Every structure is written in C-alpha cells, then in structure tokens.
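Sharing a structure here in structure tokens format.
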C-alpha cells in the first residue's frame, strides 16, 4: 500500500522514482567531507602514482641494506670506481664501496630528517597559526610580525649559522630545519582558522560555555585538518631539500652517517672521473621531492571545497 501510494505521488508530481540503492549524487552527499576528499584524491593519477613510488623508495631504504651483504659497504680499493653492473648495480665510489648500499642507507637518514623536521615545523606552525587566527587582535599582530621577521631572513643563512655554531648533528639539523620552515605553515593555518572561527558551530560552542582550549581542540583543529595535511606534505619535501643543501655544502650530516646530500657532496670531486657517482643520489633527491610535491598537489585539490562542485 505504501509503495503504491509513493508511485501515485511520483506520477502526480512528475518526480522520477529513486532506486533503493541510491544514485551517485546521493552517495556523494552521504559521504563525509574526508571520505569525499579521499575519493577525489584516488582519481588524481599523478598523486596516486607518486604515492606508490614514494612507498617503494621508503621500503627499499628501510629493508634494502638488510638484504644486501654488509661487505658491500666495506672499503675495497681494488674495486674503486667500477661502473654500474653486476654485482654493483650502481657502481662503486672512491673507496670501492657499493653506491646502491650507500644510497639505501642514506635514504633512511634523508627521509627521517625530512619527517622529523616536519613534525617540528607543524608543532610550531600549527600552534602559532591557530593562536593567531583564533584570538586575533594584538596576539595576531604580534605573531604575524614574528612570522614576517623570520621570512625576511633567508633560511639557508640561518641553517649555515646553526650548523657551523652547534655542529652538524642529526638532532641539531632537525631542529634547525624545522624551526626555519614553520612560517609558511603558520600562514596557511591562520587563514583557515580565521574562516572556521566564524562558523555557527563555534558560536554555539561559545554560547554553551566551552573554553578556548576545548573549542580549539574539538572544533578548530578537526575542521582545519585538510590544510594541515597539505602543509605537512609540502614541508617534508622542503626539509629533505634543506638537508641535502647543507650536506652538499659540507655542513650537513658527516661520516660515519651518510645521506643523499652527503653522498652528492663527496661525488662532486669525481664528477668527470665517475659521473654516475653523482647521478644516482641526485636522481633520488629529485624523484623523492617531486613525488612529495605531486602528492601535496593532489591533497590540495582533494581538500579544496570548490573542487567538490566540479
């Protein structure tokens, strides 16, 4: 009886009957914001391909050195500057060590520095961006002038000064890189918070007596998660480049620890004698940073509310 009444009502109003499973538009409307963003990200082919390439590089750097014989990293002057081939797929360096082994172990350091420096960047950038955007007034003016002051100084000069004064230790470089990259993240988060704080649900939380900390944790941060993820992704690539730049200048992580940048630093002396020596670490830096940037572009498009309308 009910279905017959619905059919008669649809005929009278001219409305098309809706199938029980729901159409594609209804499914998109039922999805949450983040599920819809993830669905759009999966359709970004370049970002998806970059993700798999980045996962492969990360896994190879993590488990690769365990799969290769440890003797490949031992100096052997009888094998110095052997070209790519078998068993040294990327050739050997000036001490006869396998370059592939050095690339894989260096990838651990470069990627770890990029990830940990990004954590420092997010802690500083999100904190300053949220406080500035949420409270406004003199707090906003003070924090944004601090941000402008940090941006006015070239970060490479600050990194060189810190590395020279405190030593090129991994923990020093992580803190130095993280504390020089936060202004861009802070500006992005501030612009988002300025919009979110005017929403009705934030006003409703204030009206029922919620404190500032509760509003920030329960409402501001969850609704700013998309831009935070995008900022974090792009910061990883910037941190890897910063570490590689310092290592290439001879101010980065030194022996016995190696990174892609330090390998490139040692290879420049033999660029004409063994050009492959510099080719492989430079290619790894290029491919890794490109993949991270492509993923960041895909995330930015996926979390852009205007893209949901297309």
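Any residue that is at pLDDT below 85, part of a helix (DSSP H, G or I) and more than 31 Å from the chain's Cα centre (by Cα) - is there at least one of those in the stretch 13-22?
Yes, that holds for at least one residue.
Suppose the filter is under 30 Å from residue 304 (Cα atoms), assigned to a helix (DSSP H, G or I) and at pLDDT below 85; does residue 27 pass it?
Yes; evaluated as a whole, the condition is true for this residue.
Also, quick follow-up: In the stretch 237-263, how many residues are part of a helix (DSSP H, G or I) and crowded, with 24+ Cβ neighbours inside 10 Å?
Within the stretch 237-263, residues that are part of a helix (DSSP H, G or I) and crowded, with 24+ Cβ neighbours inside 10 Å number 11.
Does residue 139 fit the bill of being surrounded by fewer than 15 Cβ atoms within 10 Å (Cβ to Cβ), closer than 23 Å to residue 215 by Cα and at pLDDT 90 or above?
So residue 139 fits the description; yes.
To continue, here is another question. Here are some conditions: (1) assigned to a helix (DSSP H, G or I); (2) farther than 29 Å from residue 189 by Cβ. Residue 296 meets all but one. Which one does it not meet?
(2)
Considering only residues that are touching a strand residue (DSSP E or B) at 6+ places or on another chain (Cβ under 8 Å) and at pLDDT 85 or above, look in the stretch 52-88 and name the one that is farthest from residue 296 (Cα to Cα).
By that ranking, first place goes to 79.
While we're here: Scan 178, 226 and give me the residue that is within 30 Å of residue 38 (Cα to Cα), at pLDDT below 85 and surrounded by 15 or more Cβ atoms within 10 Å (Cβ to Cβ). Please lay out each step first, then the result.
Working: 178 fails: at pLDDT below 85.
Of the residues listed, the single one that is within 30 Å of residue 38 (Cα to Cα), at pLDDT below 85 and surrounded by 15 or more Cβ atoms within 10 Å (Cβ to Cβ) is 226.
With respect to residue 49, determine if the residue is surrounded by 11 or more Cβ atoms within 10 Å (Cβ to Cβ), modelled with pLDDT of 90 or more and farther than 30 Å from residue 269 by Cα.
When the stated conditions are applied, residue 49 passes them.
Follow-up question, since we're still on this one. I'm trying to understand the selection: among the residues of the stretch 130-158, which are farther than 30 Å from residue 245 by Cα and in a helix (DSSP H, G or I)? Quick ask: steps written out before the conclusion?
Within the stretch 130-158, the first condition is being farther than 30 Å from residue 245 by Cα, and the residues that meet it are 130-142.
Passing the criteria: 130, 131, 132, 133, 134, 135, 137, 138, 139, 140, 141, 142.
Name the single residue that is surrounded by the most Cβ atoms within 10 Å (Cβ to Cβ) among those in the stretch 52-104 being over 30 Å from residue 237 (Cβ atoms) and touching a residue at least 24 places away in the same chain (Cβ under 8 Å).
81
The values are calculated or read from the model by the stated rules, or taken from the named source; none is laboratory data. Bear in mind that the values here come from a model prediction, so they are computed numbers and not experimental data. Neighbour counts are summed over all protein chains in view; Cβ atoms, including those assigned to glycine, are modelled from backbone coordinates with ideal geometry.
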